[in-house]
Every structure is written in structure tokens, then in C-alpha cells.
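The values are calculated or read from the model by the stated rules, or taken from the named source; none is laboratory data. These figures come from a predicted structure and were not determined experimentally. We place every Cβ from the backbone using ideal geometry, glycine too, and count neighbours over all the protein chains shown. When the accessible area is computed, the model is the full protein with side chains, heavy atoms only, and any ligands, DNA or RNA have been set aside. Shrake-Rupley method; radii C 1.70, N 1.55, O 1.52, S 1.80 Å.
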Amino acid sequence: MSDAAMEISVNPDRFTRGSKLVDALSKAGLAFAILAVVLYGSVVSPAFFTSGNLLNVLTSMSIVGIVVVGMTFVLVVGGLADLSVPATIACGAILSLGLQPMIGPLPAFVLAVGLAGLIGLLNGVLVGYVGINPIIATLGIGTIGLGIVQAAVGGVIVYGSNPASAEFAKGRLFGIPVVVLIFLVIALIGHFVLSRSFWGRWTLATGGNYSAAEASAVPVQAVKAGAFVITALTAGISGGLLGLTLQSARPLIGAGYEFSAITAVVVGGVSIIGGFGSVPRAIAGLIFVQLLTNVMVLDGVRTPIQGFVLGILIVGAVGMDAALRKRGVA
Amino acid sequence: MTAVADCALDMRGISKIFPGVKALSNVNFAVKFGTVHAVVGENGAGKSTLMKVLNGSYAPTSGTIKVGGTDVRMRRPADAQALGIRMVHQEINLVPDLTVAENVYLGRMPGKWTFLRKGEMVRKAAAVLDELGAGINPRERLGNLSISQQQLVEIAKAYAAQPRIIVLDEPTSSLSEHETAALFRILRKMRDDGIAIIYISHRLKEVLEIADEVTVLRDGSMIETRPIEGITAAQMIRLMVGREVSNVFPKSPAEIGKSVLRVERISDGTRFHNVSFDVRAGEILGLTGLVGAGRTEVARAIFGLSRLVEGTVSVNGRQVSIKSPSEAVKAGIAYVPEDRKGDGIVPGMSIRENISLPILRRLSRFGRIRRGADRVLAADYVKQFSISPPDGERRISLLSGGNQQKAVIAKWLAARPSALILDEPTRGVDVGAKAEIHNIIGQLVAGGMAVVMISSELPEILGVCDRVVVMRDGRASEPLTRGELSEERIMALATGEEAA
């Protein structure tokens, strides 16, 4: 660490220094923003800084957070976005409840996640190998998947039939909700894969320069497809947990989760064009957005205004990414 | 008409300096109205740069330009167009989904679209096409036309703007002989209308046929302007290459062993056909030819970036079937691409991350990149190739072109290939880095590697290579050995003109 610092002081380079500064700012900026929201929330609403409220935020955040981990891979690999998340969440939720009477709760959960992964594989093949635009491919596959799930359960609400599994999903371990723990484990795994494994490096390289990665013997098609499989698996897990917690699942249970996840990732500063980003960044974005929403709700901000604020955040974050890219290239 | 007015274009003392490269050096270039003026020169002689100065894409570093006798200053292509200068590029620059008429008047719609009468536009386009004898229906969708017809639409588009000067860049590269004859009729008609035509071509036979005057460029300088009468193709070639071949690229002696990479009668079905060569351990095989002759396509196909439809590739005597770069790497072939920014580097990543990219799997255990493994690898190559700055954590996009190129070569050496294909490895790097890269290549072959070097630069090819294969129109010549090598011989093979 001190060696690196020496290098920089010995080797003053305007550009490197500039990009390091920008990097530090963008990281610290989000931390400051989170801090500011916490302070503001504590001032305007006595209900905000209570363990009950924060635990609530944390739990609801965890369900989206699991999807955020997967969505980070899609953005980093240059896959724009996965719009089939509502379908994979519904698949996870409905099957993990609906299959309980037949095969038991754990096998039902695993099978539900596996089938969600299959939807991701279809997305991945279409995007990575066939070369269809990810927005179109995931929208199409998501719509088809949702239709199949809906048809399978006859368009009705599915209820849970295994109280023990509900108990587990809603329970706590060492005082922390199980859902939060699962989210943390998945986030850690996601972070490890993206930052320390060869697959993660391939993902970053493919998003950073597809042709160069291809010419460097990176299996770019598989890497691109893999990002969609990862997202589908996380969304399947997220959906399964959602179903177990609610003990009921309707086909539209996952609606809106895709945009919440994309918002968090983008606000976290992960590049929408690919090649740059990390799981902790995306989660910082998630924390910020979730806390801000919570504060706005507690403060009685009207729903349209909330949407307005979130919209500004997204546009601002993407605009900043574009501006930084331009500087990075120049 | 006075003598001054005769002069459509008079460029004087034009220099263009890019960071580290002098692309044009004090070039004088004058063209008269009502003539066809050919510009010839090797790849990189400065033809394109000169034309980009002429059409306002580049501002010259120094020099003056007169159009029709008046001093002008052009800051953007629109300025050049306003002065009546039109360019017809080698690539088609048209909108396939619009009609021919819409394309001809694209961007020059008088008044507003909403009030434009389509019939009038079609009539005018038909008149222009008729005048050129093109035989194309102006209502046809452009995408339905053949490439050569589209080329004619490009020319019609330029002609319809009633230009004073038309620049044609390799207009016949996609035309058959018959179509070329038709094009020449059109050019003669435009010339007789008093238009000044600048004709850039590698095909010297065509230059002799159509041009009134010819200007030869070499290494960014104007060598000579001559009337076409009394000059032969052989003389033009000599003027194009006529520099002293100095020994600036000494190849270090290496023992030549047995054949490492052998390709036999490979074709991709479109851009190259029936190409065969082999390269032996310790040998540098040059692959040269004009831009577009199919060299890069051959390299990319061998490396699995595109598909072969015919022929075989073998490495160390064993036939291999390569469908992807990772299979090529497994077979022992590495490829340093021509387009460094596009295919060579991942700009947002560090030197370390770029160098370790092809062998990440080998550096990993249980999927995790071993701590420090890539750091050690990068540090080794940074030191060995004296990459500057010597900091593996530096973002690669912040390095100079030469240092980027060294990092890209290092990336491939880490994979320990037995054959290395280098595509224009010294393009756009400064002289010092060039020598270093040649040195590295020399060390590699001394270590027993087989190297294929694609280059358009003849002195480089002559200085570095043991044998040379020349490509023309997707076909490869027999390899020339060192004794048979000369710039004239290579240019003759590359252009299809036999030198005297």
C-alpha cells in the first residue's frame, strides 16, 4: 500500500491522479450521500432511526439486493439490463410454494431456482450467442416465462403449505433476519466472483472491450450468457424467499423489481455501457435508494414526487458515467 | 480563360503533423480544371491525409490552399462542399433504405422536406443519372442495387452537386472491368464539362488509361508531378518506392528449424482464396500487399476470429481445427491484431489485467486468480520489454501507442505460443518504439518462435523478414526468399504490374 503511494508521488501523472481523485470522489460521494440521508431522516422523522424501521428497510432491501448482485454482472458485461426479472422472481416464488405439497419445501425451492436459471440460460443464449439486443431478448423471454408460469398455476394465487419453511424464512439468526443473512452471503459470493475470479475478470474485460476480449481468447459469448444466468439464479432465489416470507405468490409478484435493481446498480456508479463496476458499489447504490425512499415515505412525500426524485437520480448517475467515460478516453 | 483560373486547386507547402508523426511534409499539389489528375503512392505515403486536408477534415499544420484561384481556409467538410469540392470514398456512404433519388439529394434538400416535391427530386435525379449514362432507376431502393451500382450512385450524388473538384478514392476497387470502362466514360464526360478530377488508385494500369497527369507521393512528401504521356508503370513504381533501403531493421540471426505453422489452400469464401504458406521455427515470414488485399482476413481466420470454408491449418505437423481464439491459443497460435485500440487492449483495465487476460485460467485455482500471480507476470514483462511507465497498475489507455503495443505483445508471449502472427505491429508508433518492437521480435525468433509479420511498410518487410508472401485481391504469391526481395518486385506483385 505504501509502495503504491510512493509510486504515485514519484510518478506524478495528471491523468492518473485525476482518475484516482474522481474514483475516490465517486466512492466517497455515495457514502456521504447515504450519511446525509440518514441524518436528514433522523431529523425529520422520529420513526426513522429506530431499530424496527431500519430492520424493515434492511429486510425489504435484501430481497431486491439479491437481484442487484446478479444485475451487476449484466451491466458490467455490457448486457444493458435484464428485463425478465419479474418472470424469474415469479417463477421462484410460485414454484417454491406450489411444489411444496408434492416434493417438500427444500427440493421445491431448489427446483424453482433451477427453472429460473433455465430462463436465464435462454436469455443468455439469445443475447450472447445469437446476438439479439438484451432489452428485446429479456423482454420477450420474460413475457413468455411469465405466461407459462401463469398458465401453470391457472392465473390464481398460490399459497404456502409448509409452516416450518415460512418460519425459517421469516426467522432470525443471532438477531438478524435470515433473509438479510442470505443476501449478505450472496453479495459476498458475487463480490468474490466479480473481483477475484477469472470469470469476473473475463466479465469486466468483455464489457470493457468485446473485440479485444474475444481476441484475447476470452470465451466472450459464454461470459455474456453467464451474466444472464447469474441474474436469473439470483432472481429465482429472491423470488423463492419472497414467496416463503409472504406465504403467497401471484404471477405479478415480481413486477417492478427489475427497475429497482437497475436503479440501484446505476446509482451505485456501475457503468451502463459495461466494463466497470463492482458488487459493493451496486449495494451502496441500493442502500442509498432504499433509505431515501424510506425517508420520503416517512416524511409524507407524495408518490409522484418520489418517482421524480428517483428518476433524477438515475439520469444523473448515467450522465455522470457518460461524462467520466469521455474524460477517461480523451 | 486565364492561366490562374485554369488552376482548380493549388495546395502549397502543406504539412500535417500529428503527435509524433509527420504525415505530410511541405507538399505542393496543383490540379487544373478539365483534367483527371491521378495520385499514387504506397500505403501510408500520405494520400489519404492530403485528401482529408483538401476536404476540410484535417486542418493543415502549415501551408496554403487556393481553390479556383482564391485563398481558402476550410475548417470542416461542409466548408469544402460549399467551395464545390466533393469526395467519393472507397466505402459506400449511402443510406440503403432510401431510394436512389433520395440518396442523391440527401443533405442538400432545397428548402424544407415537407414542401419538397418528390416528383421534382426524382426527375432531377433521373436527369443526372441519365447524363452519366448510369442506367439506374431513381425510384429504386438503394439497398437493392449491386455494389458497383451503388458506387455509381455515390458518383452521381457528387456530380449532382455541380462540383468544381471531385476526389475519387479507389473508385474501381469493387468494379468489374466492364463497369470500370463505364466509369471511365463518366469521368471523361465530367472532365469535358470542366470539372477537376482527382483520382486515387493503386491500379497503375487504370491510372495510365484515364489520367492526364500523375502525382507521386512517398513518405508524406510530393515526389513528382508529371504528364501521363511518357511515363510507364515501372517508372511510377520506382518513384513510389524509390528510397534507399537502409539497414535500420536488422534481423538478428536465428537458426531456422522445422515448419511450425503451415496453412494450405485456405479460403474464407469471399475475401481470400487458396492461400498457402508455412513458417518455420526461428523464421519471420512477411505477409504484405496493399490495404484490402486480404492479409488481415487471413490472420483473423487462422486465429479463429472468422471461419475458413476450405483448406487446412497445421501446427508442428499436426492438423488443427480452430473455431475460436481459445482453440488457437491451445494449438499454440497467438495473434496481435492490427487495430490496437479496437481489438488489442481493454482500455479501462491496467497493464497487469491486460497482460494476464489470455492465461487467467492458468493463473487461477478453484476459479480464483492466485494472489499476486498476475502481478508477478505483468512485472516480468514490464521489465523485460521496458514498458514505460514501469507500473503494472497503470491504466493501459494512458500509455503511448508503442508501449501499448509492447503490452499487447507481452500478453501473447505469456501464453507461450509456438507461432505468433503480428498484424502491423509498428503502425502508429514512433521510431524508438519501433526499433524496440523489432528487437523483441528478433529475440522471439532467436528463442525458436515462428513469426508471421503483416506489414504494409516495405522497408520494414525487407529489413526484418526471411521470406515474404505478397497478397493481391485475396490471393497469395509464392514466397520470395531474401535473395529475390526488392521493393520493386513486391510492388509489382502487389499491384499486378510487372516491373521492368
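Restricted to the range B:400-500, the set of strands (runs of 3 or more DSSP E) holding at least 1 residues that are surrounded by fewer than 20 Cβ atoms within 10 Å (Cβ to Cβ) comprises B:467-472. So, of the residues in the range B:53-86 that are in contact with a Ser or Thr (Cβ under 7 Å, 6 or more places away or on another chain) and open to solvent by less than 70 Å² (accessible area, probe 1.4 Å), which turns out to be farthest from B:Met11 (Cα to Cα)? Among residues in the range B:53-86 that are in contact with a Ser or Thr (Cβ under 7 Å, 6 or more places away or on another chain) and open to solvent by less than 70 Å² (accessible area, probe 1.4 Å), the one farthest from B:Met11 (Cα to Cα) is B:Pro77. On the basis of being within 18 Å of A:Val113 (Cβ to Cβ), modelled with pLDDT of 95 or more and open to solvent by less than 30 Å² (accessible area, probe 1.4 Å), does A:Ala169 make the cut? Against the criterion (within 18 Å of A:Val113 (Cβ to Cβ), modelled with pLDDT of 95 or more and open to solvent by less than 30 Å² (accessible area, probe 1.4 Å)), A:Ala169 does not qualify.
For the residues A:Ser271, A:Ser248, A:Ser238, A:Ser278, the requirement of being farther than 30 Å from B:Arg361 by Cβ and under 14 Å from the mean Cα position of the chain (by Cα) singles out A:Ser238. Yes or no: B:Gly372 more than 7 Å from every other protein chain (Cβ to nearest Cβ) and over 35 Å from the mean Cα position of the chain (by Cα)? Against the criterion (more than 7 Å from every other protein chain (Cβ to nearest Cβ) and over 35 Å from the mean Cα position of the chain (by Cα)), B:Gly372 qualifies. B:Lys32 meets each of the listed conditions (1) closer than 30 Å to B:Gln235 by Cα; (2) open to solvent by 60 Å² or more (accessible area, probe 1.4 Å); (3) of a type outside the set (Val, Ile, Thr); (4) under 26 Å from the mean Cα position of the chain (by Cα) apart from (4). Considering the range B:336-353, and only residues there that are within 27 Å of B:Leu287 (Cα to Cα) and more than 7 Å from chain A (Cβ to nearest Cβ), the residue that is most open to solvent (accessible area, probe 1.4 Å) turns out to be B:Lys341.
Selection over the range B:301-335 of residues that are farther than 23 Å from B:Arg361 by Cα and within 9 Å of chain A (Cβ to nearest Cβ) gives a count of 0. Within the range A:192-215, take every residue that is more than 8 Å from chain B (Cβ to nearest Cβ) and closer than 16 Å to A:Phe228 by Cα and give me the one that is farthest from the chain's Cα centre (by Cα). Checked the range A:192-215; the qualifying residue farthest from the chain's Cα centre (by Cα) is A:Thr206.
Taking the criterion of being open to solvent by 10 Å² or more (accessible area, probe 1.4 Å) and under 17 Å from A:Val125 (Cβ atoms), the residues of the range A:227-248 that qualify are A:Val229, A:Ile230, A:Leu233. When we screen A:Ile189, A:Ile148 for residues that are open to solvent by 30 Å² or more (accessible area, probe 1.4 Å) and closer than 26 Å to A:Phe276 by Cβ, the only hit is A:Ile189. Only one of the numbered conditions (1) closer than 27 Å to B:Trp412 by Cα; (2) surrounded by 23 or more Cβ atoms within 10 Å (Cβ to Cβ) is violated by A:Tyr210, and that is (2). Just to be sure, is B:Glu297 over 19 Å from B:Ile490 (Cβ atoms) and either buried (at least 18 other Cβ atoms within 10 Å of the Cβ) or out of contact with any strand residue (DSSP E or B) (no Cβ under 9 Å at 6 or more places or on another chain) (or both)? Answer is yes for this residue.
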